[in-house]
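Remarks on the structure that follows.
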Amino acid sequence: MKQYLMFDLDGTLTDPKVGITTCVQYALADFGIEEPDLDKLEPFIGPPLKDSFMEFYGMTEEEADRAIAKYRERFQDKGIFENEVYGGIYDLLRTLKAAGMHLAVVSSKPTVFVDRILKHFKLDSYFEVVLGSELDGTRVKKAQVIMEVLRKFFGDKPIQNDEVFMIGDRKFDVEGARTFHIESIGVTYGYGSMEELKEARADYIVQSVAELKKLLLREVDAKKRMDEVHQAQQPGGKKPQNRGMKDLWRVLLPYILFILARSAAGLFFTSILQMLSQNEGIRNYIVVQQGEEMSMTGFASVIVTLFSYVVATLFIIRYARPMIAERGEEMKLTHLKPEPVKNYVIFGAIALGGILSFFALMASSGLVDVAGSYNAALETPMFVPFVLSLFVYHCICTPISEELMFRGIVYNGVKRFMSPKMALLMSALFYGYYFGYSILMFYGILLGLLVTYAYEFFGDFRAAVGVHVLINLVYFLINYTPLARSPLLSWPACVAGLVVMGAGLFLMIREKKVF
């Protein structure tokens, strides 16, 4: 959890355009350079002044030093206060401070000016550390300022990089953070563009103070919800505004509706087919005689289950869609660029390796008889339509329906009052339990873990559905095609599958920390 937040000043906390650009204009006039358009001077906001004068106007170091002196001549008394605080900043800082965060200002502007600005706008009380450059021209690089702030935060203790955020509007803020392996948040409401921040490889990008607040407080809110739930579980514990129960109810109500709707629809369609079975023309499509007992054909059973899932999905989609959309907006902050194709290929290999190793283990140990499933399918009347309907059920209907329920609602709902890791585990266990007390419960847990990881890694609900489709396709092929009788389901294949899955996960984890 991030506890140390370093804020850039110009373009992040305050909008300094008028003060900085007019002072640059004043300095340039001393060199006989007239620049009436202040918008053209916006690039001076953020980077060190010396660098900007040399880059944009081709000045030598001596000329740049003279321009800075002229700039400060106007800035120290007038330009410093031609400034305004961005809307929402006071509320953001007040909330972060109340949540126990440690805040700092990290600026390329001289510290003496930063202090005066913060005090003028009554922002100084929110920050434990305020640091900028020196008037003599030292410590002007953002990385140098960040290093000194980290030293003040952590002292002689090791720097906890994963507990720190650097927040700024320019590439210099992002690059400074990367120097110390610190995650950065780029803000586009300042003077850095989305393209600049993406190119600098900001870890997160937000477009407003409201989005910044939401991002910074997401872990705080999750921890708060967990604390409320834990408090409610204690003897005599209070439930502040019943928040924990409301979050839990958002998960349980759709799940109950899903189960009830699926069961009721199954009974309804079964009764319809039983009525239709009285017709001799279609009787053989629906029921099969086994001695004195009659049962539904495999084709009819799959049709009933298929329509049951469709009905159950209609009951829960109104709950799932807003939760998926809400989560999608959060994920936009952390998934700035499309994932390269290779990551999808690697994750496909992870899913294939995991499921193949599972069924190879089960078949080799005799815990499941996939060949028996295949033989039973061959003997089923109407084998071709049965297989087609089974394919639709396994590879289209079930992935969509179950993902809406278990990732869209259960995982996203549980994550509101549990840590991400616990939400991953709980949603996987919940999904495994859904399979019932059988060996397939472990299949459900494995599937749940893989699909949820894909959801978080790619930041897209469609990725979760896609991985589920792939896994169910493998399940279908193993159980209802000649693969059931192949050497694929052996101990060597189990080991190979585990190696592939392990290697793939290693590559994914090395590239991006998700949980």
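Where a number appears in this text, it was derived from the coordinates with a stated rule and is not lab data. Small disclaimer: the values here were computed from a predicted structure and weren't measured. All Cβ positions, glycine included, derive from the backbone under ideal geometry; neighbour counts span all protein chains shown.
Just a few scattered comments:
- Ser490/Tyr437 FRET efficiency (R0 25 Å; Cβ-Cβ; nearest 0.05): 0.35
- The slack in the chain from Met54 to Tyr344, taken as 0.36 nm per residue of separation less the alpha-carbon distance, amounts to 99.9 nm.
- Between 0 and 90°, nearest 10: helix 420-434 axis offset from the chain longest Cα axis: 10 degrees
- Cα gyration tensor shape for segment 17-81, rounded if a/c is under 1.5, else prolate or oblate: rounded
- Residue order, fewest to most surrounding Cβ atoms within 10 angstrom, among Asp369, Asp37, Asp173: Asp37, Asp369, Asp173
- Signed unit charges on C-beta, dipole axis of the chain, positive-most listed residue Thr60, Gly168, Pro47: Gly168
- Restricting attention to segment 16-117, the count of lysine pairs at 8 or more positions apart or across chains with alpha carbons under 25 Å apart stands at 16.
- P(r) tail fraction, the chain - alpha-carbon pairs more than 45 Å apart, %: 34 percent
- Between Thr179 and Met194, residue separation times 0.36 nm minus the direct Cα-Cα distance comes to 3.3 nm.
- Interatomic Cα distance distribution for segment 325-449, bins of 10 angstrom, percent: 11, 28, 38, 16, 6, 0
- Shape of segment 1-138, Cα gyration tensor, a/c cut at 1.5: prolate
- The long axis of helix 383-392 is offset from the longest Cα principal axis of the chain by roughly 20 degrees.
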